[in-house]
Amino acid sequence: MARILVVDDDPDIITAVRMSLEGAGHHVIAAYSGEEGFEKLKSENPDLLILDVMMETHTEGFQMALMLHNPDPTSEYAQFRDLPILMLTAIHSTTPLRFEPDIDDLPVELFVDKPIDPDDLLGKVDWILSREKFE
């Protein structure tokens with residue numbers, strides 16, 4: 001199955017995501033910060049990135065997504081420009097703010113709200129991975 005990198009500063013969230021994804025046959029790689037996430041991207045070359053919005057800063061996940069999908073061909077992360085990103089967030093349940101994927105401003109495929117519903121997570125992961133096979 002897929003190699004999935006999960007970047008979240010909450011070990012309990014990583015455990016919950018790992019249990020759901022490994023139960024479905026995926027290989028999960030964990031990183032507990034954006035910095036560690038960038039390192040694991042380079043060493044592990046995942047098929048999908050699951051990324052928390054708020055880690056060391058309130059926008060670290062958004063900043064990481066923008067860096068990875070930077071259109072500059074000389075970007076340090078140019079090889080990851082097409083890596084699909086699924087964002088994890090509690091923002092929708094704790095504030096009136098609403099975010100949606102946007103190719104220019106927020107280059108991610110989908111959002112998963114925390115607390116995580118395993119069926120919702122797996123459904124979105126499967127949808128993204130099946131879509132990637134045909135692009």
Could you please give the count of residues in the stretch 9-44 that are modelled with pLDDT of 95 or more and not in a helix (DSSP H, G or I)? 9
Within the stretch 55-66, how many residues turn out to be open to solvent by 70 Å² or more (accessible area, probe 1.4 Å) and in contact (Cβ under 8 Å) with a residue 24 or more places away in the chain? 3
Could we say that residue 30 is out of contact with any helix residue (DSSP H, G or I) (no Cβ under 8 Å at 6 or more places or on another chain), within 19 Å of residue 114 (Cα to Cα) and either open to solvent by less than 40 Å² (accessible area, probe 1.4 Å) or of a type in the set (A, V, I, L, M) (or both) here? no
Extreme residue, modelled with the highest pLDDT, among residues of the stretch 78-101 that are open to solvent by 60 Å² or more (accessible area, probe 1.4 Å) and not in a loop (DSSP other than H, G, I, E, B): 79
For the stretch 11-27, name all the residues that are surrounded by fewer than 16 Cβ atoms within 10 Å (Cβ to Cβ) and within 19 Å of residue 57 (Cα to Cα). 11, 12
Kindly indicate whether any position in the stretch 70-77 is among the aromatic types (Phe, Trp, Tyr) and either touching a residue at least 60 places away in the same chain (Cβ under 8 Å) or open to solvent by less than 30 Å² (accessible area, probe 1.4 Å) (or both). yes
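The values are calculated or read from the model by the stated rules, or taken from the named source; none is laboratory data. The shown structure was predicted, so the numbers you read here are calculated from the model rather than taken from an experiment. Glycine also receives a Cβ, built like all others from the backbone with ideal geometry; neighbour counts cover every protein chain displayed. SASA here: full protein model, heavy atoms, side chains in, ligands and nucleic acids out. Shrake-Rupley method; radii C 1.70, N 1.55, O 1.52, S 1.80 Å.
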